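Colleague: Have a look at this one before I ask anything.
The values are calculated or read from the model by the stated rules, or taken from the named source; none is laboratory data. All of these numbers come straight from a predicted model, not from anything done at the bench. Cβ placement follows ideal geometry from the backbone for every residue including glycine, while neighbour counts extend to all protein chains displayed. All accessible areas refer to the heavy atoms of the entire protein, side chains included, with ligands and DNA or RNA removed. Shrake-Rupley method; radii C 1.70, N 1.55, O 1.52, S 1.80 Å.
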2 protein chains.
Amino acid sequence: MTGRQMTLAALGGLPLIAPGDALAPLLIAAAERAGLPFADGDVLVVAQKIVSKSEGRYVDLRGVSPSARAQELAARLGKDPRHIQVILSESAEIVRAERSVLIVETHHGIVMANAGVDQSNVSQEGGSERVLLLPRDPDGSAAALRAEIGRLTGADIAVLINDSVGRAWRQGVVGLAIGAAGFPSLVDRRGSPDMFGRPLEVTEIAMADELAAAASLLMGQADEASPAVLVRGFNRPKDVPDRPARDLIRPKEMDLFR
Amino acid sequence: MTGRQMTLAALGGLPLIAPGDALAPLLIAAAERAGLPFADGDVLVVAQKIVSKSEGRYVDLRGVSPSARAQELAARLGKDPRHIQVILSESAEIVRAERSVLIVETHHGIVMANAGVDQSNVSQEGGSERVLLLPRDPDGSAAALRAEIGRLTGADIAVLINDSVGRAWRQGVVGLAIGAAGFPSLVDRRGSPDMFGRPLEVTEIAMADELAAAASLLMGQADEASPAVLVRGFNRPKDVPDRPARDLIRPKEMDLFR
């Protein structure tokens, strides 16, 4: 075996996550069950859902009073006005509201459908109508999880939090990094020479999004059997700094598509 | 070791690719050198550049006469009018031309900067000023490579062709599938139940783009040491058909961002 290799392993067997659950010990145990106890240089990719669940980011639609704006949008899009109200509360701006699609900029700055507010894979108890929000500070959530795993295991790992997001011109969703810690989320290659010594035309690489997409392939969508993926052998470029996932958000003044 | 695992291995040691070179024997040899001879179920991800080079998709700017439209755009964007002319020839439509960025829809339907026309990592001989175009039919190129590797090795593999592409609202480029063969590029999950039996809200997954992004991480950008990546252990969902990469292109009538 020669050359560079990267292995992604689905971490399974986690229980259903409830508000207040500490994820670090559950993920450490899952990595050990997979025969891959965390080691320096590993990257742990965690699905947004279990982070949000552990942080109790639920809203019960039964307690939501839709505004006039939410009612108007809901009628236009054919949606539940209470659900629309929650999306609006999580949004800084509506980017598109057409053809039963509501694309917004979240308070984090992420452009995505429905502000990531989701009812899939959310348990309902006692007649509840809960929806799940994104973590309030995904980079902070990633940093906290990274620190706690480091404290418990001594391993210096990186943590990404991913979610599945649509794109402007492409069908289907892909995994995207909404949170990152200890990872060069965006790598600036400006000034690097190409193989013939000319400056590269491609200048920045969204490495956290690429690895988040890779991990999505092992997580599946229909169940939470594998809400985390361990990446071993990620070939971190030399001399590049850690950057949070928020650095992947294009500043609005550079946005050509709003 | 338990659970699902996927391994990506960079395939290196390929020579510079010239027009007419047969890629299949070179990639088969590279996989063998890596200790991973092709086996049923493998996915081979190949960088667009070497496919284009083997297909001789060069244009020498010295022979290009820019149209008035190309000259006007070049002046506005601060670019070489001959390069702009080549991009226009490869484009069905200009999507944005602002701030030195030219985003087009290629004849394939892919929305990307500069129609993928690139001068990085292109050798220049005898004073040439060559640029490299995308393959004319990337799904066809992937299918031909897949068939030839199958013929030579007996292995039933999938082939993706990837390129690095920008996004509307995100910084940095990510790997994207522009060609695919033997692979479920877009997987329709409509009707699948979530873990509590309700229909999934996420309905289609762009698996080829996710795997193309993963492979990009091992290819690097500054050299062609690894213009191909072998993926072993891709967990193909049951009962989903092969779909070409062109199925990942959002039909224009469903596009909210032009």
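Colleague: If we hang a label 7 Å off Cα along the beta carbon direction at A:G197, how far is it from the matching labels on the other copies, in nm, shortest first?
Modeller: Nearest to farthest, the other copies are at 7.0 nm.
Colleague: Based solely on its DSSP helices, what 222 nm [θ] is calculated for chain B when runs of n ≥ 4 H residues each add -39,500 (n - 2.57) and the sum is averaged over all residues, nearest 500 deg cm²/dmol?
Modeller: Calculated from helices alone, the mean residue ellipticity at 222 nm is -7500 deg cm²/dmol.
Colleague: Quick one: check the C-alpha center-to-center distance for region B:100-159 versus region B:162-182, whole angstrom.
Modeller: Comparing the Cα centres of region B:100-159 and region B:162-182, I get a distance of 13 Å.
Colleague: From the cross-link list B:K53/B:K252; A:K238/B:K49; A:K49/B:K238; A:K53/A:K238, which pairs have alpha carbons spaced over 32 Å apart?
Modeller: Numbers: B:K53/B:K252 30 Å; A:K238/B:K49 24 Å; A:K49/B:K238 24 Å; A:K53/A:K238 35 Å.
The answer is A:K53/A:K238.
Colleague: Given a Förster distance of 51 Å, report the FRET efficiency between A:V240 and B:R151 from their Cβ-Cβ distance, rounded to the nearest 0.05. Don't skip to the answer; put the middle values down first.
Modeller: Details: r = 42 Å, r/R0 = 0.82.
FRET efficiency, A:V240 to B:R151: 0.75.
Colleague: Using protein heavy atoms only (no ligands, DNA or RNA), what is the total accessible area buried between A and B, 1.4 Å probe, nearest 100 Å²?
Modeller: Buried area between the two chains comes out at roughly 7400 Å².
Colleague: Another question, if that's okay. I need the inter-copy label distances for A:E98: point set 7 Å along Cα to C-beta, values in nm with one decimal, smallest first.
Modeller: 1.6
Colleague: Ok, one more. Explain nothing, just the number: relative contact order of chain B, from Cα pairs under 8 Å at least 6 residues apart, as a whole percent.
Modeller: Numbers: 499 pairs, mean separation 66.0, N = 258.
Computed value for chain B: 26 percent relative contact order.
Colleague: Averaged over peptide A:159-169, how many Cβ atoms belonging to another chain are found within 10 Å of each residue's Cβ?
Modeller: Partner-chain Cβ atoms within 10 Å, mean over residues of A:159-169: 5.
Colleague: Would you mind checking which residues have amide H under 5 Å from B:I178's amide H? H placed 1.01 Å from N; only 5 or more apart, or other chain.
Modeller: The answer is B:I161, B:N162, B:D163.
Colleague: Percent relative contact order of region B:102-187, based on C-alpha pairs within less than 8 angstrom and at least six residues apart? Kindly include the intermediate steps, with their values, before the conclusion.
Modeller: Details: 116 pairs, mean separation 19.8, N = 86.
Result for region B:102-187 is 23 percent.
Colleague: Between the label point of B:S65 and that of the same position in each other copy, find the distances and list them shortest first in nm, with every label point placed 7 Å from Cα along the Cα-to-C-beta direction.
Modeller: For B:S65, the inter-copy label distances come out at 7.3 nm.
Colleague: Students often check this: by mean Cβ neighbours within 10 Å, which of A:168-180, A:68-80 ranks highest, and how do the rest follow?
Modeller: Per-residue Cβ counts within 10 Å, averaged per peptide and sorted highest first, yield A:168-180, A:68-80.
Colleague: Rank by packing, highest mean first: peptides B:103-109, A:5-11, with packing defined as the count of other Cβ atoms within 10 Å averaged across residues.
Modeller: The peptides rank, most packed first, as A:5-11, B:103-109.
Colleague: Between A:E125 and A:A68, 0.36 nm times their residue separation minus their Cα-Cα distance comes to what?
Modeller: 17.6 nm
Colleague: Applying a 10 Å radius around every beta-carbon, put A:233-243, B:37-47, B:16-26, B:53-63 in order of their mean neighbour count, most first.
Modeller: Ranked by mean Cβ neighbours within 10 Å, highest first: B:37-47, B:53-63, B:16-26, A:233-243.
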